[in-house]
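The values are calculated or read from the model by the stated rules, or taken from the named source; none is laboratory data. Not measured: the values here are computed from a predicted model. Note that each Cβ is placed from the backbone with ideal geometry, even for glycine, and that neighbours are counted across all protein chains shown.
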Ligand code: SAM
Ligand code: SF4
């Protein structure tokens, strides 16, 4: 029977990917997408536990869903199944069922391939289904293929979990030990996406450049080799990967940035802090200088590479001098974009037990200073593209009628006035204006007409 499914996704791209795969698993059971929770027979909250108050947000959303569920059921519109998935589900488990007994299913990120069994169990009376194990069978081997048209730009999860144990981070506890998929399975999924219309693939992992797996030739591959291999797929125009750790940035991967045109010249490489003392306390296993040397090598391989990073301010014990070292590193690198966060203690992580927590007012002040500098760098980076021509991959209609929107090789949003027939295609665009959150351009040529290599730029005289 036809049923409607609504998934609300919190957090990172890994969760966006997982939500899409949950929809794929549920499709054979008759579930198709609902526009809102009000219309849904099943609502899944796919949660993220990375920052403070994540669990509180989930409980408050559950309160809202309970009212919807009661209203729907008392109006005789049938049962609404409520599920909590993702990292809050993994971390809180039983606690969710105790605090929100109307929830039907609670499952972690490693078990959603078992959704059909869980749905069957939940439909029988007798309380909520809880599944927060790390099963021995590989989840990816049990997921169905995606059916239907592919998005122009799609995610492909190649690695999960993390063994680095940064002292502030919950990921190793909620996502478990590092796991890499085999090259052949990744290639097969990439080919299916491309056959369904995808032109850009972002390879995903909590620590994606730690990927190491069996290659299609049976050899032991690392990410640089995998990217070279995927770049041979006809019809795949752009490759990206996120999120990486500086310690796993090996020479083969750095060389791929210079050698593989389809690998876009934009890299998110989080450094978190510019102070060696804080980096050591975070257990990042590299110094600020190590990071600068990696950036230097990357820029030698690919001179137009744009960089972004994550930063945490107010990590326990961070002094003014440590913070000044972070600002120095930012000035030295020059970032095209960044995410910055106030440190927040995550229960169960080593940093939460450190005795030298930084006062909230100091964290606020440092975050404002850091964001001001990063904002200036981002604007300066966008300004370098004014008057430039480069390929844009169009993904969707723009906000205004007659406009379409896409991405530059450096992840910038680009808007042009052009026909929707260009969506899913690459066109060379000239940037004529900078807006607050996007670049505005005109189409100068269709890709291939001039023979420009993917991801290359020409500056107009
Ligand atoms: N694997 C990536 C790496 O090694 O940098 C990051 C993954 S994490 C999902 C995304 C970002 O959240 C981190 O880079 C960090 O800046 C931030 N983050 C993680 N735990 C945090 C905490 N306890 N407080 C503040 N920010 C945090
Ligand atoms: Fe968390 Fe990234 Fe550190 Fe792994 S490498 S523990 S995911 S911050």
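Taking the conditions exactly as written (within 16 Å of ligand 1 (Cβ to nearest atom) and buried (at least 19 other Cβ atoms within 10 Å of the Cβ)), does residue 316 satisfy them or not? When the stated conditions are applied, residue 316 passes them. Pairs meeting the criteria (first residue in segment 243-258 and more than 20 Å from residue 304 (Cβ to Cβ), second residue near ligand 2 (Cβ under 9 Å from one of its atoms) and in a helix (DSSP H, G or I), beta carbons under 9 Å, at least 6 apart or on different chains) are 245/210; 247/210; 248/210. Filtering segment 335-356 to residues that are within 16 Å of ligand 2 (Cβ to nearest atom) and part of a strand (DSSP E or B) leaves 338, 339, 340, 341, 342. Just to be sure before I move on: is residue 386 over 15 Å from residue 168 (Cβ atoms), within 16 Å of ligand 1 (Cβ to nearest atom) and free of Cβ contacts under 8 Å to residues at least 60 places away in the same chain in the structure I sent? It is false that residue 386 is over 15 Å from residue 168 (Cβ atoms), within 16 Å of ligand 1 (Cβ to nearest atom) and free of Cβ contacts under 8 Å to residues at least 60 places away in the same chain. Confirm whether residue 274 is touching a strand residue (DSSP E or B) at 6+ places or on another chain (Cβ under 9 Å), away from ligand 2 (no atom under 16 Å from the Cβ) and under 25 Å from residue 165 (Cβ atoms). Criteria met by residue 274. Residues in segment 1-18 that are out of contact with any helix residue (DSSP H, G or I) (no Cβ under 8 Å at 6 or more places or on another chain) and either under 14 Å from residue 151 (Cα atoms) or more than 16 Å from ligand 1 (Cβ to nearest atom) (or both): 1, 2, 16, 17. Of all the criteria given as (1) out of contact with any strand residue (DSSP E or B) (no Cβ under 8 Å at 6 or more places or on another chain); (2) surrounded by fewer than 22 Cβ atoms within 10 Å (Cβ to Cβ), the one not satisfied by residue 262 is (1). Selection of strands (runs of 3 or more DSSP E) fully inside segment 213-285 by the criterion of at least 3 residues being closer than 22 Å to residue 390 by Cα and within 19 Å of the chain's Cα centre (by Cα) returns 238-242, 266-268.
The set of residues in segment 182-209 being surrounded by fewer than 22 Cβ atoms within 10 Å (Cβ to Cβ), closer than 11 Å to residue 157 by Cβ and without any contact (Cβ under 8 Å) to a residue 60 or more places away in the chain consists of 185, 189. Against the test of being under 23 Å from residue 393 (Cα atoms) and touching a strand residue (DSSP E or B) at 6+ places or on another chain (Cβ under 9 Å), the options 195, 151 yield a single qualifying residue, 151.
Filtered by the rule that a residue be surrounded by 12 or more Cβ atoms within 10 Å (Cβ to Cβ), more than 15 Å from residue 8 (Cβ to Cβ) and modelled with pLDDT of 90 or more, segment 42-71 gives 70, 71. Considering segment 1-48, the qualifying strands (runs of 3 or more DSSP E), each wholly inside and each with 2 or more residues that are under 15 Å from residue 83 (Cα atoms), run over 3-9, 42-47.
Does residue 293 satisfy being outside any loop (DSSP other than H, G, I, E, B) and touching a residue at least 40 places away in the same chain (Cβ under 8 Å)? Criteria not met by residue 293. Say we look at segment 234-251 and pick out the residues that are away from ligand 1 (no atom under 16 Å from the Cβ) and under 19 Å from residue 409 (Cα atoms); which of these is surrounded by the fewest Cβ atoms within 10 Å (Cβ to Cβ)? My answer is 234. Checked against the criterion of being buried (at least 17 other Cβ atoms within 10 Å of the Cβ), touching a residue at least 24 places away in the same chain (Cβ under 8 Å), within 15 Å of residue 18 (Cα to Cα) and within 15 Å of ligand 1 (Cβ to nearest atom), segment 140-156 has at least one qualifying residue. Could you tell me whether segment 67-77 includes any residue that is more than 28 Å from residue 344 (Cα to Cα) and either touching a helix residue (DSSP H, G or I) at 6+ places or on another chain (Cβ under 7 Å) or within 16 Å of ligand 1 (Cβ to nearest atom) (or both)? Yes, there is a match, as at least one residue in segment 67-77 is more than 28 Å from residue 344 (Cα to Cα) and either touching a helix residue (DSSP H, G or I) at 6+ places or on another chain (Cβ under 7 Å) or within 16 Å of ligand 1 (Cβ to nearest atom) (or both).
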